[in-house]
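Enquirer: Have a look at the structure that comes next, please.
The values are calculated or read from the model by the stated rules, or taken from the named source; none is laboratory data. Here the structure is a predicted model, which means the values were calculated and not measured. Cβ placement follows ideal geometry from the backbone for every residue including glycine, while neighbour counts extend to all protein chains displayed.
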Amino acid sequence: MSAIAWRRRAPLLPALVFTIAVTQIPFLLTIVYSLQSWNLVRPGSQHFVGLANYVDVFADSQFRGALFNTVVLTVGCVFLSMLLGLGFALLLDRAFLGRGVVRTLLITPFLILPAAGALLWKTTMFDPTYGLLNFVLGTEVDWLSQFPLAAVMTQIIWQWTPFMMLLILAGLQAQSAEVLEAAQVDGAGRWRVFIAITLPQLARYLQLAALLGAIYIVNSFDAVYLMTQGGPGTASTNMPYYIYQRAFEGFDVGQSSAMGVVVVVLTLIVATFALRLMFRSFGVSGATR
C-alpha cells in the first residue's frame, strides 16, 4: 500500500482499533468459553470439552423452541411493521391539513426507550383488570398469559413501525415527479402507478428496512424480559432471553457461550445474504480503488 493510501487511512485507525477491542476480542473469548465446560456454581469445574457444548445445544429442545420463537418474532414483526410503515408512508406522502402533527405523532413510538415502551404496554394496554385493550373490546382476557408471543410482537411492531415508515417515506419522496405525471397522462390509475412505478422504486428501501429491522429485532430482550419473562413456561422465550437465563440464572458459561456463537453465526449468514441482495439492488460495487 502506498504512503498516500496509508495517510488517508491513518485517521481511521483509532476507530478501527476501538471497534476490534470492544467487539472482536469479546467474541473470541466467547468462542474459547464455548469450548469449555464451566458452571460458576461448581468451583473448579472448568475444563476443555471441545464441541460437546454445541452438540448439547442442538440437542436441547428448549433451545430449538427459543430459536423457533425468535424466527417467528423477527419475521412477523419485520413484515407487519413494514406493511404498516408502507401504509403510513403513503398517507404522509400526500398533502393534507395537519400533516406535520400527524408525522410527529407517528414517529413518537420510535423515540421511546424499549424498556419504557414494554412497561407501558404491559401496564396500560394488556393489564387484565385495568388495561385499555380489554376496556375497548369489552373483554376480560389476560393477554400476556394467553397470547404472550403475540403481545410481545405487538409492542415491538408498535415500536418499529415509525422506523420503517421513515425509510419508506424517503423512498417515496425520491420518486421522479415527471415519471409519475407521465404515467398519469398516459391514463394509468393510482393502483397501476403504485404497482408498476412506485413499488419497484421502493424495493431497495424495503430491503434496507427489512435488513436493519431484522438485525435489531432479532436481539429483542427488553420486551420479553419486562412483559412475559419468557412465559408462560417458554411460550415467549427468544434466543437473547434464553441465553440470559442460562448465563445469569443457570450460571452455565460454557453452554450459554455456545448458544451465543450459534446465534451470531446464523445471523451473519442471513445478514451476508441480505447485504449482497441489497448492494446488488443499490448498484454498489465491491471493488476497491
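Enquirer: Step by step: first the residues of segment 41-61, then only those that are of a type in the set (A, V, I, L, M) and either in contact (Cβ under 8 Å) with a residue 12 or more places away in the chain or within 11 Å of Gly254 (Cβ to Cβ) (or both), then the one that is surrounded by the fewest Cβ atoms within 10 Å (Cβ to Cβ). Which residue is that? Steps first, please.
Expert: First, pick out the residues of segment 41-61 that are of a type in the set (A, V, I, L, M): 41, 49, 51-52, 55, 57, 59.
Okay, now just the ones that are also either in contact (Cβ under 8 Å) with a residue 12 or more places away in the chain or within 11 Å of Gly254 (Cβ to Cβ) (or both), so 41, 49, 51-52, 57.
Values: Val41: 8, Val49: 17, Leu51: 11, Ala52: 15, Val57: 23.
Out of the qualifying residues, it is Val41.
Enquirer: Continuing with this model, one more query. Within the set of pairs 6 or more residues apart or between chains, which connect a residue that is more than 11 Å from Thr30 (Cβ to Cβ) inside segment 241-266 to a residue that is of a type in the set (D, E, K, R) and assigned to a helix (DSSP H, G or I) with Cβ atoms less than 8 Å apart?
Expert: Asp252/Arg246; Gln255/Asp56; Gln255/Arg246
Enquirer: Take the residues in segment 145-187 that are surrounded by fewer than 22 Cβ atoms within 10 Å (Cβ to Cβ) and aromatic (Phe, Trp, Tyr), then tell me which one is nearest to Thr124 (Cα to Cα).
Expert: Trp158
Enquirer: Please verify whether Ser145 is out of contact with any strand residue (DSSP E or B) (no Cβ under 9 Å at 6 or more places or on another chain) and modelled with pLDDT of 90 or more, treating the condition exactly as stated.
Expert: Details: out of contact with any strand residue (DSSP E or B) (no Cβ under 9 Å at 6 or more places or on another chain): yes; modelled with pLDDT of 90 or more: yes.
Considered against the rule, which asks whether it is out of contact with any strand residue (DSSP E or B) (no Cβ under 9 Å at 6 or more places or on another chain) and modelled with pLDDT of 90 or more, Ser145 comes out as yes.
Enquirer: Separate question: Looking only at residues that are touching an Asp or Glu at 6+ places or on another chain (Cβ under 9 Å) and part of a helix (DSSP H, G or I) in segment 83-115, which one is surrounded by the most Cβ atoms within 10 Å (Cβ to Cβ)? Lay out the reasoning, then the answer.
Expert: As a first pass, look at segment 83-115 and keep what is touching an Asp or Glu at 6+ places or on another chain (Cβ under 9 Å): 113-115.
Subset that is part of a helix (DSSP H, G or I): 114-115.
Numbers: Pro114: 17, Ala115: 13.
Top of the filtered list is Pro114.
Enquirer: Something else: Quick one: Gln159 ticks every box in (1) within 18 Å of Gly231 (Cβ to Cβ); (2) part of a helix (DSSP H, G or I) except a single one, so which number is it?
Expert: So the condition that Gln159 fails would be (1).
Enquirer: Also, quick follow-up: Run Trp121 past the list (1) among the aromatic types (Phe, Trp, Tyr); (2) in contact (Cβ under 8 Å) with a residue 40 or more places away in the chain; (3) in contact with a Gly (Cβ under 8 Å, 6 or more places away or on another chain) and report the number of the one that doesn't hold.
Expert: It is condition (3) that Trp121 fails.
Enquirer: So which residues in segment 1-35 are surrounded by 10 or more Cβ atoms within 10 Å (Cβ to Cβ) and either touching a Pro at 6+ places or on another chain (Cβ under 7 Å) or of a type in the set (Lys, Arg) (or both), if there are any at all?
Expert: Across segment 1-35, the qualifying residues are Arg8, Arg9.
Enquirer: List every residue pair whose Cβ atoms lie under 6 Å apart, where the two residues are 6 or more positions apart in sequence or sit on different chains, the first residue falls within segment 27-40 and is of a type in the set (Phe, Trp, Tyr), and the second residue, located anywhere, is surrounded by 14 or more Cβ atoms within 10 Å (Cβ to Cβ).
Expert: Tyr33/Val253; Tyr33/Ser257; Trp38/Gln46; Trp38/Val253; Trp38/Gly254
Enquirer: Somewhere in segment 68-75, is a residue modelled with pLDDT of 90 or more, part of a helix (DSSP H, G or I), crowded, with 16+ Cβ neighbours inside 10 Å and aliphatic (A, V, I, L, M)?
Expert: Keep residues of segment 68-75 that are modelled with pLDDT of 90 or more, which gives 68-75.
Now drop any that are not part of a helix (DSSP H, G or I), which leaves 68-75.
If we keep only those that are crowded, with 16+ Cβ neighbours inside 10 Å too, we end up with 69-70, 73-74.
Still in the list and also aliphatic (A, V, I, L, M): 73.
Yes, because at least one residue in segment 68-75 is modelled with pLDDT of 90 or more, part of a helix (DSSP H, G or I), crowded, with 16+ Cβ neighbours inside 10 Å and aliphatic (A, V, I, L, M).
Enquirer: Another question, then. Output the residue which, of all residues in segment 252-272 that are of a type in the set (A, V, I, L, M, F, W, C) and modelled with pLDDT under 90, is surrounded by the most Cβ atoms within 10 Å (Cβ to Cβ). Give the steps one after another, and end with the answer.
Expert: First, the residues of segment 252-272 that are of a type in the set (A, V, I, L, M, F, W, C): 253, 258-259, 261-266, 268-271.
If we keep only those that are modelled with pLDDT under 90 too, we end up with 263-266, 268-271.
Working: Val263: 20, Val264: 13, Val265: 10, Leu266: 15, Leu268: 10, Ile269: 10, Val270: 15, Ala271: 14.
Among those residues, the one meeting the criterion is Val263.
Results for (1) farther than 16 Å from Leu86 by Cβ; (2) surrounded by fewer than 16 Cβ atoms within 10 Å (Cβ to Cβ); (3) modelled with pLDDT under 85; (4) charged (D, E, K, R), shown as yes or no for each residue.
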| site | (1), (2), (3), (4) |
| --- | --- |
| Gly189 | yes, yes, yes, no |
| Leu206 | no, no, no, no |
| Gly213 | no, no, no, no |
| Ile217 | yes, no, no, no |
| Ala223 | yes, no, no, no |
| Thr237 | yes, no, no, no |
| Tyr241 | yes, no, no, no |
| Gln245 | yes, no, no, no |
